[in-house]
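To keep things clear, I will list the structure first and then write my remarks on it.
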Amino acid sequence: MSQESAGVPSLALDELFEEVQVGGLRLRNRFAMAPMTRSKSPGGVPNAENIGYYRDHAAGGVGLIITEGTYVRGPAAGPDLAVPHFYGEESAAGWREVVDAVHAQGSAIVPQLWHMGASRGGSPKFEPEVPTVSPSGVKASGKPVGRALTNDDLDTLIESYVESALLAQQLGFDGIEVHGAHGYLLDQFFWGTTNLRTDEYGGPLRQRAAFPARVVAAVREAVGPAFPIIYRFSQWKGDDYTARIAETPGELEELLTPLVDAGVNVFHASVRRHWVPEFTTHAEDVSLAGWTKKVTGLPVITVGSVGVDKVFLGDGIDETQAQRFSVLRDQFARGEFDLVAVGRALLADPEWVNKVRDGRLADIIPFR
């Protein structure tokens, strides 16, 4: 039922609520739940709380759920004892219940496969005996942490991603998302600040993309041509919102083309504010999602403060939800994205999508 026929004001977002097929994913609408770390899986095993959390968000109307980051086997994937794993029999049993619960509510679901690299730090609680690993053994500040990955380590990491991807396929997930954003391991290969390697994985942009592309290619070979692979990337890092990898659309194309060739189906272009133009020196005021579509030709997920009532740091934003939705609508009309991921707004109100669909904006529980 459209908003107007239901007797509520139209937000001109009806197209976002139509069934769609994007990158091999069949979805009831274009809204996705963004991945958000929660640390509520003691021992790395999804439990009843996790099952209910994802079930409730599926019931709230999202077309696609992207899970919180889940550790691949490693080595040294992360520091937290309560982040869920995506390997091993116990974790697999928990994830199977999550998948069944989400599918029963009509949503699709993909796990986000995660390795933190140098961002794990030097004093992890999870696997403290295993040294932190990263492309060059340095964190974003340039200070040493752990050790640099050897070629044997790289082969082991690829096997870890493949193991998790095959498990997702076996458990009935609708695809996977590879986390290559925010200064974590695969992003550390992209970024010149953390990739100081002098072998085939360092140097120019295309070479810095070579290892993430190897991961995707190995996963693609293992899961076959039809299983969707989403790749999340960003310019900004967890401790540096001004960081940039690509300064021009041409550099963005150089960075992402190896991933396209390796078998990515959908890109998830992570930014903090979805309405901010990515390349301010360029004549076109286009978001990172929009530029990603332009240079790759693939479907793209946009994200970044969608549905958040208050935005700080002096960013320009309209005063009402309806006005802000007009920006989102205009971006969609211009072809800048295919799916839109919502994060904090869904943490506050799992029914956010249904309420927006029905025009019940006054009933939305705001994120504080």
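The values are calculated or read from the model by the stated rules, or taken from the named source; none is laboratory data. In this text, all values refer to a predicted model and were calculated from it rather than measured experimentally. Reconstructed Cβ throughout: ideal geometry from the backbone, glycine too, with neighbour counts over all protein chains shown. We work out accessible area using only protein heavy atoms, side chains counted, and drop any ligands, DNA or RNA first. Shrake-Rupley method; radii C 1.70, N 1.55, O 1.52, S 1.80 Å.
Points to keep in mind about this one:
- Semi-axis lengths, largest first, of the ellipsoid equivalent to the range 31-105 are 21, 13, 10 Å, with √(5λ) applied to each eigenvalue of the Cα gyration tensor.
- Orientation-averaged projection of the range 168-251 equals 6.5 nm² [convex hull of Cα atoms, one quarter of hull surface area].
- Approximate shape of the range 1-157 as ellipsoid semi-axes (Cα gyration tensor, √5λ), whole Å, largest first: 37, 18, 13
- Ranked by how many other beta carbons lie within 10 Å on average, peptides 239-252, 157-170 from highest: 157-170, 239-252
- Probe 1.4 Å, accessible area per residue of the chain, Å²: 39
- Check: the chain dipole with +1 on Lys, Arg Cβ and -1 on Asp, Glu Cβ, in debye: 500
- Percent of Cα pairs in the range 188-317 per distance bin of 10 Å, from zero to the largest separation: 12, 41, 34, 12, 1.
- Sequence-distant lysines (8 or more away, or on other chains) whose Cα lies within less than 25 Å of Lys355: Lys310
- Each of the peptides 109-117, 266-274 was scored by the mean count of other Cβ atoms within 10 Å over its residues; in descending order, highest first, they stand as 109-117, 266-274.
- Quick note on the chain: its Rg to Rh ratio, both from C-alpha atoms and Rh being the Kirkwood radius, is 0.95.
- Carbon and sulfur %, accessible surface of the chain computed with the full protein complex present, 1.4 Å: 50
- A convex hull fitted around the alpha carbon atoms of the range 98-187 yields 112 Å³ per residue.
- Each of the peptides 178-189, 32-43, 144-155 was scored by the mean count of other Cβ atoms within 10 Å over its residues; in descending order, highest first, they stand as 178-189, 32-43, 144-155.
- The Cα center of the range 193-259 and the Cα center of the range 66-144 differ in position by 19 Å.
- Here the relative contact order of the chain, from alpha carbon pairs under 8 Å that lie six or more residues apart, stands at 17 percent.
- Amide H within-cut-off set for Gly69, under 5 Å, with H built and near neighbours excluded: Met36, Thr37
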